[in-house]
1. Accessible area per residue, 1.4 Å probe, Å², for the chain: what's the number?
2. Counting just the Cα atoms, what span does the chain cover along each of its three principal axes? Round to the nearest Å and put the largest first.
3. Rounding to the nearest 20 debye, state how big the charge dipole of the chain is about its Cα centre with +1 on each Lys and Arg Cβ and -1 on each Asp and Glu Cβ.
4. Divide by every residue of the chain the summed helix terms, -39500 (n - 2.57) for each DSSP H run of at least 4, and state the resulting mean residue ellipticity at 222 nm, rounded to the nearest 500 deg cm²/dmol.
5. Can you divide the C-alpha Rg of region 234-292 by 2.2 N^0.38 Å and report the result to two decimal places?
6. Give the cross-link partners of Lys73 among the aspartates and glutamates, using a straight C-alpha distance below 19 Å as the criterion and excluding same-chain residues fewer than 8 apart.
7. Give the carbon-plus-sulfur fraction of the accessible surface of region 13-118 in %, rounded to a whole number; probe 1.4 Å, heavy atoms of protein chains only.
8. Equivalent-ellipsoid semi-axes (√(5λ), Cα gyration tensor) for region 54-177, whole Å, largest first?
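The values are calculated or read from the model by the stated rules, or taken from the named source; none is laboratory data. Small disclaimer: the values here were computed from a predicted structure and weren't measured. As a convention, Cβ positions derive from the backbone with ideal geometry for all residues, glycine included, and neighbour counts pool all protein chains shown. SASA here: full protein model, heavy atoms, side chains in, ligands and nucleic acids out. Shrake-Rupley method; radii C 1.70, N 1.55, O 1.52, S 1.80 Å.
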Amino acid sequence: MAEGDPMSESKLELLSEHRCFDGMQRYYRHESSAIGLPMRFSVYLPPQAEEGRVPVLFYLAGLTCTEETFMIKGGAQRYAAQHGIMLVAPDTSPRGAGIAGEDDDWDFGTGAGFYVDATQEPWSRHYRMESYVVDELFGIVTTVLPGNPDCAGIFGHSMGGHGALVLAQRHPDKFRSVSAFAPIAAPMRCPWGEKAFSGYLGPDRQAWAAYDATLLMEQSQSPFPKGILVDQGLADGFLAEQLHPEAFEAACAQAQQPLILRRHEGYDHGYYFISTFMEDHLAFHAERLGAD
């Protein structure tokens with residue numbers, strides 16, 4: 001979306017809004033040009049947004065989640081209000097694409113878009129989550145809504161942690177800061193990633209590498225000099241088979257990328273874990289986005 005050609009406010013349907021920590025929690029629906037279907041997203045506008053543009057932080061949720069999950073369970077609005085940061089959470093996939101089998105599995109299809117632009121039929125027509133987040137939604141929240149396009153960060157959880165680490169590396173012109181909770185850090189090495197990439201991107205594993213955070217980092221040289229923050233629970237039932245933070249850690253060491261990888265005894269994969277460390281992530285992004 002061009003800066004001089006913002007989407008009309010009338011094209012955003014406000015579904016609900018709720019006063020929250022002196023700011024406003026909103027839920028929107030709109031016709032997406034990138035997806036070709038209606039999409040939903042949520043926004044928390046901090047009180048500082050009443051005075052002008054504010055830093056914006058995108059949150060990408062995990063498998064089976066929606067645009068509501070983070071805003072309801074993450075406990076982030078309190079800290080976003082303190083730092084003056086807008087929070088944005090898209091849905092995790094298109095809905096109602098009419099593709100046979102899209103609702104058959106919880107880890108592929110509906111609720112499992114993996115933040116890639118699919119290249120394989122029948123998914124390629126609608127499953128274009130990278131373009132949706134990076135181009136269309138980014139444009140909406142920095143033109144129609146009061147997000148500052150020069151002060152944007154991204155974070156996420158599990159599948160969304162994968163999305164955050166990948167999209168930040170693929171689009172460093174858009175995102176100045178990045179963090180993740182329990183990310184799928186090396187999707188080419190795990191069943192979730194292999195299933196999703198096979199379906200969305202086809203059998204050529206070379207094409208998969210463009211969406212593998214660890215492989216992208218191995219080809220880089222300190223892309224985020226102010227650091228990346230990752231939190232991982234050691235009681236996470238998906239840790240050994242699906243997440244592989246040690247692979248991303250090794251890639252960061254090779255790339256001389258500053259990484260804060262915190263391993264937490266007793267914490268699992270869910271939002272009790274995420275909400276425990278949410279304050280740290282908001283402070284991390286606030287410092288790098290100049291929010292305070």
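1. That works out to 39 Å² for each residue.
2. 46, 41, 34
3. Dipole magnitude for the chain comes out near 280 debye.
4. -7000 deg cm²/dmol
5. For region 234-292, the normalised Cα radius of gyration is 1.31.
6. Glu17, Asp22, Asp91, Asp231, Asp236, Asp268, Glu279, Asp280
7. 45 percent
8. Ellipsoid half-lengths, sorted descending, are 25, 16, 12 Å.
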